[in-house]
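The values are calculated or read from the model by the stated rules, or taken from the named source; none is laboratory data. All figures in this text were calculated on a predicted structure; none of them were measured in a lab. No Cβ is skipped: glycine too gets one built from the backbone with ideal geometry, and neighbour counts run over all protein chains shown. SASA here: full protein model, heavy atoms, side chains in, ligands and nucleic acids out. Shrake-Rupley method; radii C 1.70, N 1.55, O 1.52, S 1.80 Å.
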Amino acid sequence: MSREIGAVRMTGPGGPGVLKPGRVALPWPAGPRDVLVRLKAAGVNPADVYFRAFGPYVGDGRNVILGHDGAGIVEEIGAEVSGVRVGDAVCFCHGGIGGAPGTYSEYAVVPEPLLVAKPENVDFREAAALPLVFITIHESLSERARVADGDRVLIHAGAGGTGHIGVQVARLLGGRVAATVSTRAKAEFVSGLGVERPILYRDEDFVEACREWTGGRGLDVALDNVGEDVFRRTLKAMSTYGRVVTLIGTPGDTKEEDAYNGNLSLYNVMMLTPMWRGLSARMSEQAAMVRQGMSWLAQGRIRIHVDRTFPLERAAEAHAHIEAGGATGKIVLTIDD
C-alpha cells in the first residue's frame with residue numbers, strides 16, 4: 001500500500017502562486033544504493049525561482065517538486081547501502097530540476113554517494129542552506145579562478161546567499177576581497193566577513209572603486225552573479241590576465257574588447273550540469289566539496305547566515321521574498337515531523 005507524504009508541487013511555470021502544497025506518493029522503496037531521508041529543512045535558491053518561472057530542465061513543469069538542498073535524518077536504506085545508518089543526520093544537494101523530486105517535501109530519496117554527514121554543532125537549517133552555494137563557490141573560486149595569496153577579488157552581491165559564502169572562501173584561499181552591496185547595513189555585514197572594500201554600487205561606480213582599491217592595476221579575480229550589464233562593466237575593472245567567473249552566462253565582450261585585449265580568462269559555472277547530464281562521478285566530487293564546506297562550518301572557519309525561514313507549505317512566500325530582493329544570506333524552508 002503506497003504511503004503519502006506532504007510536498008509542494010508546481011502546477012506549471014509561472015509566478016510564486018504555481019507552488020501548491022499537497023500530498024504525493026512516497027517514492028520508496030527505490031534502488032539498492034538509495035537512502036530515504038526524512039527532511040528537517042530545505043534550502044531555497046535562485047535556481048529554484050528560475051525553474052519555477054521558466055520551467056525545469058526535465059519535463060514541462062507540471063507536478064515538479066523543486067529544491068536541491070536538503071538536511072534531515074536517515075529513515076531507511078537500500079540493500080547495498082553501507083556508508084550511512086538509520087538515524088544518521090545528513091545533508092545533500094540532489095533533485096529539483098524535474099525528473100527526480102526535489103526537497104520541497106517531507107522526504108527525499110538520495111543516492112548514498114551524495115550524502116554528507118551533518119556535524120553535531122551545525123543545525124539543520126544551516127546544513128540545508130550550504131550545499132549548492134558551497135559547490136558553486138568552490139567550483140568558481142578554487143577550481144576555475146584559482147584564487148591565491150594576495151589576489152584582489154571582487155564578489156558581486158556580496159551579502160547574498162551565494163556572495164556571502166564567496167567572500168569567506170576567497171579569504172580562506174588567501175584573497176583580499178571587495179564586494180558590491182546595496183545598503184550600508186549590508187556593507188557592515190560583509191565587512192564583518194572580512195571584506196576590505198565594501199562598494200555601495202548605488203552610490204559609487206564599482207569599476208572606479210576597484211581601480212582605486214587596486215592602485216590602478218585592476219582585479220585579479222571577479223565573480224559575477226548579477227547579469228549582462230554588470231558582467232561587461234566588470235571586464236573594465238580587471239587586470240591584464242585576470243580571471244572572471246560568471247554564474248549567469250557570458251554575454252560577450254565589450255565594444256572596446258576589454259576581455260580580448262586584456263587576455264582575460266572567462267569561466268561559466270553551472271553546478272547543476274552534472275545532475276542534469278547524469279555525470280555521477282562529478283556528482284560524487286561535488287559531495288566531497290560539501291563535506292569540506294561542512295567541516296569548515298563546524299570548525300567556525302566559515303559561517304552561513306540564514307536571513308529568514310518559512311514553513312514548507314509557505315514555499316510560495318519564500319519565492320516572493322527572494323524575488324522582492326533585499327535578503328541577506330540564505331532562505332530556508334523548515335519541515336515539521
Cubic angstrom per residue, convex hull over Cα atoms of the stretch 52-107: 96 Å³
Cα long-axis angle, helix 280-299 against the chain (0 to 90 degrees, to the nearest 10): 80 degrees
Between helix 163-172 and the chain: long-axis angle, C-alpha atoms, 0 to 90°, nearest 10: 70 degrees
Environment charge of Ala145, counting only residues whose C-beta is closer than 9 Å and scoring Lys/Arg +1, Asp/Glu -1: 0
Across Lys236/Lys330; Lys186/Lys236; Lys118/Lys330, pairs whose alpha-carbon gap is larger than 23 Å: Lys236/Lys330; Lys186/Lys236
Highest average packing first - 150-163, 308-321, Cβ atoms within 10 Å: 150-163, 308-321
Of every Cα-Cα pair in the stretch 257-337, the percent that sits beyond 22 Å: 59 percent
Percent carbon-and-sulfur accessible area, the chain, ignoring ligands, DNA and RNA, probe 1.4 Å: 48 percent
Calculated diffusion of the stretch 195-337, Stokes-Einstein form, Kirkwood radius summed over Cα pairs, 25 °C and 0.890 mPa s, µm²/s: 134 µm²/s
Helical contribution to [θ] at 222 nm, DSSP H n ≥ 4, -39,500 (n - 2.57), averaged over the chain, rounded to 500: -8000 deg cm²/dmol
Helix 315-324 vs. the chain, principal-axis angle (Cα, 0 to 90°, nearest 10): 10 degrees
Solvent-accessible area per residue, Å², over the chain with all protein chains present [probe radius 1.4 Å]: 42 Å²
[x] 69, 39, 36; [y] 55, 46, 44; [z] 61, 44, 40, with the label sought being that of the calculated Cα extents along the principal axes in Å: [x]
